[in-house]
Amino acid sequence: QVQLVESGGGSVQAGGSLRLSCAYSGYTYLRYCMGWFRQAPGKEREGVAVIDDTDGRTRYGESVKGRFTTSKDNAKNTLYLQMNTLKPEDTAMYYCAARKSGACNLPAFLAGWRPENINWGRGTQVTVSS
């Protein structure tokens, strides 16, 4: 069974930092394309970051580019999201996800956000106050 468990969320003041972790297990092929997504109440799901383990390429949503960094440690079966210079608009539930196949980019994840295509965790809440 594929499992993804996010942790590291919490409350922080604007300008602060948090590091999220996602422990993953299951079919090993899923680890090659993973990412972070977030959703605030009443808003659409937003792509944050993805990492393609095949070539090491990372991609970021425009709103977080330059502030967030994603990385992965396959030896520890853990995906990370380092979030710096946090803003109130970063407040959301953050999910890690693994894509089973296809292009490894944010639009592809979002367009194919279905259980048959994507595995995701239960999320970890990030709240940024001003």
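Rg(Cα) of segment 81-130 divided by 2.2 N^0.38 Å?
In units of the globular-protein estimate, segment 81-130 measures up at 1.35.
Can you give the Rg and Dmax of segment 47-102 based on its C-alpha atoms, in angstrom?
When restricted to Cα atoms, segment 47-102 yields Rg and Dmax of 11.9, 34 Å.
Can you give the calculated 222 nm mean residue ellipticity of the chain, where each DSSP H run of n ≥ 4 adds -39,500 (n - 2.57) and the sum is split over every residue, rounded to the nearest 500 deg cm²/dmol?
One gets -1000 deg cm²/dmol as the mean residue ellipticity at 222 nm.
For K65 and N84, compute 0.36 nm times the residue count separating them, minus their Cα-Cα distance, and round to one decimal in nm.
5.8 nm
For Q13, put the label point 7 Å out on the Cα→Cβ axis and report which residues of segment 52-95 keep their amide N under 15 Å from it.
Only 85-88 pass the distance filter.
As an exercise, identify the chymotrypsin sites (Phe, Trp or Tyr not before Pro) in segment 4-111 lying in DSSP coil whose Cβ has no more than 13 other Cβ atoms within 10 Å.
Y27
What does the charge count around T58 come to, taking other residues whose C-beta lies under 11 Å from its C-beta (Lys +1, Arg +1, Asp -1, Glu -1)?
+1
Once you place label points 7 Å from the Cα toward the Cβ at K43 and E116, how far apart are they in nm?
3.1
Using a 1.4 angstrom probe, figure out how much accessible area segment 16-128 has per residue, in square angstrom, rounded to the nearest whole.
Ligands and nucleic acids excluded, the figure is 49 Å² per residue.
Counting every Cα pair in segment 1-124, what percent are over 24 Å apart?
18
Please work out how much length the chain gains when fully extended from D53 to S25, using 0.36 nm per residue of separation minus the C-alpha to C-alpha distance, in nm with one decimal.
8.5 nm
Would you work out what percent of the accessible area of segment 1-63, with all protein chains in place, is carbon or sulfur (probe 1.4 Å)?
The computed percentage sits at 44.
The values are calculated or read from the model by the stated rules, or taken from the named source; none is laboratory data. Being a predicted model, the structure only gives us computed values, none of them experimental. For neighbour counting, all protein chains shown are included, and Cβ atoms are generated from backbone atoms with ideal geometry for every residue, glycine included. Please note that ligands, DNA and RNA were not included when accessible areas were found on the heavy atoms of the full protein model with its side chains. Shrake-Rupley method; radii C 1.70, N 1.55, O 1.52, S 1.80 Å.
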